[in-house]
């Protein structure tokens, strides 16, 4: 399943170049809309401290510091809230509603985040994927949280639906307030369970301003 999803990531990225004018690497795809404490972007090997209003591009790596919060708004209105000690890479972002193309591929390497799709989720067949070291989240017009939670890596659905996949299995989440635990690629994603108010509030506090 993981190989299948990775193949999709490659295919949709290639499609971006063949079906629509490709975004140049220096085209802006998102803007830092809110910031608390220190955060930086790594671009072409150079680290730059970011401020509110900073423009982000494809291949940018966003790294947040201790007790930091970063809110990023993509060109379609998709919102990404990042917590402390987070590292996220924008591998691909292409939104062309006239051509019915919506592609977003992010890598969440470390830390907690919340992802809320904007207009990209309304195209005919959006391809929105968030990869982590523990599994791949397939996004289907969604609001979800992911990150460290009570000793494991957790994924919590807040609205819409998502798939959570690693080499040993897949879970589909369709009920807000439910989540799965992931302990690594040597075990399948855990059962879908209701997290409860306490755990959900802990998770959201990790990305809230």
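Show me the strands (runs of 3 or more DSSP E) entirely contained within the stretch 96-173 in which 2 or more residues are at pLDDT 95 or above and under 12 Å from the mean Cα position of the chain (by Cα).
101-110, 113-116, 127-132, 135-139, 143-149
How about the stretch 124-171: which of its residues are in contact with a helix residue (DSSP H, G or I) (Cβ under 6 Å, 6 or more places away or on another chain) and over 17 Å from residue 185 (Cβ atoms)?
Within the stretch 124-171, 126, 127, 141, 145, 149, 156 meet the criteria.
Take residue 103 and decide whether it is crowded, with 18+ Cβ neighbours inside 10 Å and touching a helix residue (DSSP H, G or I) at 6+ places or on another chain (Cβ under 8 Å).
Yes, satisfied.
Among the listed residues 60, 91, 98, identify the single one that is more than 21 Å from residue 152 (Cβ to Cβ) and out of contact with any strand residue (DSSP E or B) (no Cβ under 9 Å at 6 or more places or on another chain).
98
How about the stretch 145-171: which of its residues are more than 16 Å from residue 121 (Cα to Cα), in contact with a strand residue (DSSP E or B) (Cβ under 6 Å, 6 or more places away or on another chain) and surrounded by fewer than 16 Cβ atoms within 10 Å (Cβ to Cβ)?
Within the stretch 145-171, 152 is the sole residue that qualifies.
Looking at residue 142 and the list (1) in contact with a strand residue (DSSP E or B) (Cβ under 8 Å, 6 or more places away or on another chain); (2) on the phi > 0 side of the Ramachandran plot, which single condition is not satisfied?
Checking residue 142 against (1) in contact with a strand residue (DSSP E or B) (Cβ under 8 Å, 6 or more places away or on another chain); (2) on the phi > 0 side of the Ramachandran plot, the one that fails is (2).
The values are calculated or read from the model by the stated rules, or taken from the named source; none is laboratory data. Keep in mind it's a predicted model, so treat the numbers as computed, not measured. Cβ coordinates were reconstructed from backbone atoms using ideal geometry, including for glycine residues, and neighbour counts include every protein chain displayed.
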